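Step one of this worksheet: look at the structure below.
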């Protein structure tokens, strides 16, 4: 079954070959082990600045993934003399064939230092303190820690396979120019799976559009039917303007990345008529599983994506 994911990746890459880009950050090998893409395996670690930057140039979109870490030794002026380990690693939601990569570090806007106090007595030693992004952009954008940037040459739709291990952390998609967060389920959507949301037979339930916890404030950026208490894995679908940069990250946790797909000239996944589908061809979902002909959601058949509601 794990080989199906690779087959679907090939099928996705073949759709509208002149307009579509596809990149898998992690895949399965023949033995079912998760393997990260070469770019992340060979990522350069900047130990002086505590970060690692990986750039992926596709035909129509460029992705920059920034991983960071936390200071090991810091002084009162927030000067770092030693950083903890920076790394890229793999993860696997194996029951639905969802491999992903993950970097280290919370995506902070500003690094400061606070003195360690023991039993009310200042020790003269310091530890890191952080300021994090606010959705109105008032505190600025992340400068280190794990975040992703995407810039497209043409207008189109970006689809990201993402793993949210801590469902109670806010997920932001940000217009880098305005520094403001986009509105979930208005400017972009998230479809996929939430831990604990199952069908009657106990298998995972795929949802076309996962809701956010609430409609305003912090709750607007926390996803899930269970109010953000569970892990979520699925696909962010983000309409992009040409020559505009978007950032994607969690507030104070690490966002796993499975794959990247960009289709120029679209504003979303469009439906195709039944006449365009060979009814006898196998059908797969976006997780790479072969599904029944009655399955619903975003499906792939004959190398084409379509929606069945």
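Throughout, read-outs are computed from the coordinates displayed, never taken from laboratory work. Predicted, not measured: the structure shown is a model, and the values here were computed from it. When we count neighbours, we look across all protein chains shown, and the Cβ atoms used for this are built from the backbone with ideal geometry, even at glycine.
Which order do the peptides 61-73, 167-179 take when ranked by the mean count of other beta-carbon atoms within 10 Å per residue, highest first?
61-73, 167-179
What order, most packed first, do the peptides 224-231, 20-27 have when packing is the mean number of other Cβ atoms within 10 Å of each residue?
Packing order, densest peptide first, comes out as 20-27, 224-231.
Using the count of nearby Cβ atoms within 10 Å as a rough guide to exposure, how do 158, 299 rank from fewest to most?
Ordered from fewest to most neighbouring Cβ atoms within 10 Å, 158, 299 come out as 299, 158.
Provide 123, 112, 118 in ascending order of the number of other Cβ atoms located within 10 Å of each residue's Cβ, fewest first.
Fewest to most other Cβ atoms nearby, the residues stand as 118, 123, 112.
Just how far, in whole angstrom, is region 214-266 from region 42-101 if you go by their alpha carbon centroids?
The distance from the Cα centre of region 42-101 to that of region 214-266 comes to 19 Å.
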